[in-house]
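Input: one structure, supplied below.
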Amino acid sequence: MASDLVASIMRFLTPDMIARIATALGINRQAVEQAITAAVPTILAGLAGTASKPEGTQRLASVLMQQPPGLLDDLRHSLGSAEQGSVAEHGASVLSALLGGGTMKSVAAAVTDFAGLKEGGGKTILGLLAPVVLGVLGQQQRVSGLDASGIADMIAKQKDSIAAALPRGFADELGDSRILESIGETWRGTKPSAQPRPVEGEARPAYSADAQGAGSAQWALALVAVAAIGGLLWFLSTSPQPEQIAQRTGQRTPMEGRAVSVPAAISVPELTQQVAASVDGLKATLSGIADADSATDALPKLREAAANLDKLNGLAEKLPQEGKQMIAAAVTSAMPAINELCEKVLADPSVASVARPLVEAVRAKLGSLGGA
């Protein structure tokens, strides 16, 4: 089963890479982040539409099969460097050929307006993201050995996660563009955003608000939601409690001690990375259970995971809808692997007699977080 494409792309776009892109473009990082969160699922929706047509399927497959295997590694060095301009220009040309010139123009204008970029900024962001999106698709195509129809099927199966990743209000920015039709009607539940547009050059986060007027209270809630998401992710690890997160330590300790950074304020790309790292910790705990003795050793970690998931579910109830969708999409994509590990653990009667109550509890609580 292909991994969540939106999550894979966001993991590639590390905070450092986003900062380098912003610096090279001469705009603030928060505006770049907001543009990326809108552009990535929209590009995927457009490619889903392209792949739904026989001639489009072949065109997309041809583009993917022409990519060098090391494209993503090359992009890690090119984005944010002196080569960024040529990357954006070529990417915009390829994306225009795949989506159609009119659609490309509409999406670029929508991204520009949504993120508060200067004229042409949306096209540049789309051009930079195009090789990243196509690189991740190409990687999946090679790993799974997919032909043209397989590629189309892979993207079609992602429509729910693509719709869930669309930021609130962005669909309205697309106006009469039909680029989202390929992912069904789920995105229509996204309500227009009452958020003011960020203005390029202002050092304010993508989720911050003007300090005056009625919008201030609404944006304050948005900031609380972002903080809550940071707390959600932290609870998935065995590291210090949320009160300590405000102090940047430079590392965290998921359930199996895997070191990753914990920023004081989390962005959407960082959020996606934290979810992936936290779920990996739970996978590591379950993978380490091989017999009754290792099951006994794992019980403290499973108890702590169960308690943390209770807290997570409580915090998730307080999130705005888009926050819940982000968490649910990440958890849902991980559930097949978690379920497989749980079944493997419980298949051994000696292990099941020791660990079944906690394994089932953790699985149920994680499923609840994913909306199951």
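Is it the case, given these coordinates, that R356 is part of a helix (DSSP H, G or I), at negative phi and open to solvent by 60 Å² or more (accessible area, probe 1.4 Å)?
yes
I need the full set of residues from region 325-343 which are open to solvent by 60 Å² or more (accessible area, probe 1.4 Å) and either hydrophobic (A, V, I, L, M, F, W, C) or free of Cβ contacts under 8 Å to residues at least 40 places away in the same chain (or both), in order please.
E340, E343
Give the residue, chosen from G138, G169, G145, that is on the phi > 0 side of the Ramachandran plot and in contact with a helix residue (DSSP H, G or I) (Cβ under 9 Å, 6 or more places away or on another chain).
G169
For region 60-74, does any single residue satisfy the condition of being at pLDDT 90 or above, polar (S, T, N, Q) and out of contact with any Phe, Trp or Tyr (no Cβ under 8 Å at 6 or more places or on another chain)?
So far as region 60-74 goes, no, none of its residues is at pLDDT 90 or above, polar (S, T, N, Q) and out of contact with any Phe, Trp or Tyr (no Cβ under 8 Å at 6 or more places or on another chain).
So, in region 67-112, of the ones that are hydrophobic (A, V, I, L, M, F, W, C) and touching a Ser or Thr at 6+ places or on another chain (Cβ under 7 Å), which residue ends up farthest from F170 (Cα to Cα)?
Among residues in region 67-112 that are hydrophobic (A, V, I, L, M, F, W, C) and touching a Ser or Thr at 6+ places or on another chain (Cβ under 7 Å), the one farthest from F170 (Cα to Cα) is V87.
What helices (runs of 4 or more DSSP H), lying completely within region 25-126, carry at least 3 residues that are open to solvent by less than 30 Å² (accessible area, probe 1.4 Å) and of a type in the set (G, A, S)?
It comes to 29-51, 84-99, 101-115.
Failed condition for I179, given (1) open to solvent by 20 Å² or more (accessible area, probe 1.4 Å); (2) part of a loop (DSSP other than H, G, I, E, B); (3) not polar (S, T, N, Q), with all others met?
(1)
The values are calculated or read from the model by the stated rules, or taken from the named source; none is laboratory data. It should be emphasised that the depicted structure is a prediction, and the values quoted were computed from it without experimental measurement. Here Cβ is always computed from backbone atoms with ideal geometry, including for glycine, and neighbour counts include all displayed protein chains. For the accessible areas, the whole protein counts, side chains as well, though only heavy atoms, and no ligand, DNA or RNA atoms are used. Shrake-Rupley method; radii C 1.70, N 1.55, O 1.52, S 1.80 Å.
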